[in-house]
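Heads up, the thing below is written out as structure tokens.
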Amino acid sequence: MFHHIKNFFVKKPTIVTKEDILKDPLPQHIAIIMDGNGRWASSKGFPRIAGHRAGAENLRKIIELCGDLKIHYFTVYAFSTENWKRPKEEVDALMSLLVEYIETELDVLKKNGVKIKIIGNVEELPNKAQLQIRKAEKETSINSKLFLQIALNYGGRREIIDAVKGIVRDTASGQLQLDDIDDNTFSKYLYTVDVPDPDLLIRTAGEKRISNFLLWQCAYTEFWVTSVYWPEFSSKHFYMAIDEFQRRHRRFGGL
Ligand code: IPE
Ligand code: IPE
Ligand code: MG
């Protein structure tokens, strides 16, 4: 009952401040579908890649904000298994941007206690990106302040298929018994092993779909959409999303 203090006593404000959201428990795990870089760029008459650059800049700010709020787990969707369908120039530019991003951000992330993990099929990324990723994961592995999962060449269906393959392999070798396969065991075969499911999923740029993101993990995640394009998503919107999350009543199928 007392988890939902806001439902009963506090009127919904038009502007939400950090102080407002710190009065109630924060989501432990927030995930974001960072969408709208291209539309943001087009609306300004810039090439799409300028939108991705601005999006990367913004990611830095929102990671800082998560650290500031002491959010434990933060997952962002950066590149889907379907995004390879885009023109080669855009894919290439995104890959270079990724390498550049990790190169320039790694020291700050290390200093701020961020532990990085890439979820997705890293082996299919260009060599240079793979090297940067492995380096970043290794050098931040001892950190524990904020656990940042970056979904890169990530697909929810692909992740589930990979989990099934792992389960079949371990069952065939006798390491796993058929009767022991339940939700909990299954989760351990996903890329997100040991990370609790997201409490709050934010999508920018207005689409109301999941686009193959964290299909298994979002079974009971609260969904919040804004029409704001990712490069313009700020602390103001982040606080609004959290405030609304705090007003919702999660039932998980119960009463
Ligand atoms: C999200 O922005 C970033 C990626 C998918 C890589 P988009 O590039 O999808 O931007 P829109 O949706 O075209 O505006
Ligand atoms: C989802 O955005 C993927 C990322 C943000 C990385 P898309 O732009 O690829 O999604 P759709 O195509 O609108 O569903
Ligand atoms: Mg998009």
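Readers should treat all values here as calculations from the given coordinates under stated rules, not as data from a laboratory. Predicted, not measured: the structure shown is a model, and the values here were computed from it. Cβ atoms come from the backbone with ideal geometry, glycine included; neighbour counts cover every protein chain shown.
Take the alpha-carbon centre of the stretch 197-255, take the same for the stretch 79-100, and report the distance between them in whole Å.
Here the answer is 25 Å between Cα centres.
Just flag the chymotrypsin sites (Phe, Trp or Tyr not before Pro) in the stretch 146-244 sitting in loop per DSSP whose Cβ has no more than 15 other Cβ atoms within 10 Å.
Of the chymotrypsin sites (Phe, Trp or Tyr not before Pro), the ones in loops of the stretch 146-244 whose Cβ has at most 15 other Cβ atoms within 10 Å are Tyr220.
Do the sum for the chain: with -39,500 (n - 2.57) for every DSSP H run of n ≥ 4, divided by all residues, what is the mean residue ellipticity at 222 nm, to the nearest 500 deg cm²/dmol?
After summing the helix terms and dividing by the residues of the chain, the value is -14000 deg cm²/dmol.
Quick check on the stretch 62-180: take the gyration tensor over C-alpha atoms, sort the square-rooted eigenvalues as a ≥ b ≥ c, and tell me if it's rounded (a/c under 1.5), prolate or oblate.
Because a/c hits 1.5 or more and a/b fails to exceed b/c, the stretch 62-180 counts as oblate.
Treating only the Cβ of Lys, Arg, Asp and Glu as charged (+1, +1, -1, -1), what charge dipole size does the stretch 110-182 show about its Cα centre? Round to the nearest 20 debye.
Dipole about the Cα centre, nearest 20: 680 debye.
Rank-order 71-80, 101-110 by packing density, defined as the average count of other C-beta atoms within 10 Å over each peptide's residues, highest first.
Answer by packing, highest mean first, reads 71-80, 101-110.
Work from the charge dipole of the stretch 1-101 (Cβ charges, +1 for Lys and Arg, -1 for Asp and Glu, about the Cα centre) and give the residue of Ser42, Thr17, Gly55 farthest towards its positive end.
Among Ser42, Thr17, Gly55, the one farthest towards the positive end of the dipole of the stretch 1-101 is Thr17.
Would you please classify the overall shape of the stretch 167-251 from the alpha carbon gyration tensor, given that a ≥ b ≥ c denote the square roots of the eigenvalues, rounded means a/c under 1.5, and beyond that prolate means a/b larger than b/c while oblate covers the rest?
Verdict is prolate for the stretch 167-251.
Give the shape of the chain as rounded, prolate or oblate, defined through the alpha-carbon gyration tensor: a ≥ b ≥ c are the square roots of its eigenvalues, a/c under 1.5 means rounded, and otherwise the shape is prolate if a/b is larger than b/c and oblate if not.
oblate
Positive end of the charge dipole of the stretch 139-248 (Lys, Arg +1 and Asp, Glu -1 on Cβ, about the Cα centre): tell me which of Phe223, Ser173, Ser141 has its Cα farthest that way.
Positive-most Cα among the choices belongs to Phe223.
What does the charge count near Leu214 come to, summing +1 for each Lys or Arg and -1 for each Asp or Glu among other residues with Cβ under 9 Å from its Cβ?
It works out to a net charge of -2.
Using a simple charge model, +1 on the beta-carbon of Lys and Arg, -1 on the beta-carbon of Asp and Glu, nothing else, what dipole does the chain show about its Cα centre, in debye to the nearest 20?
640
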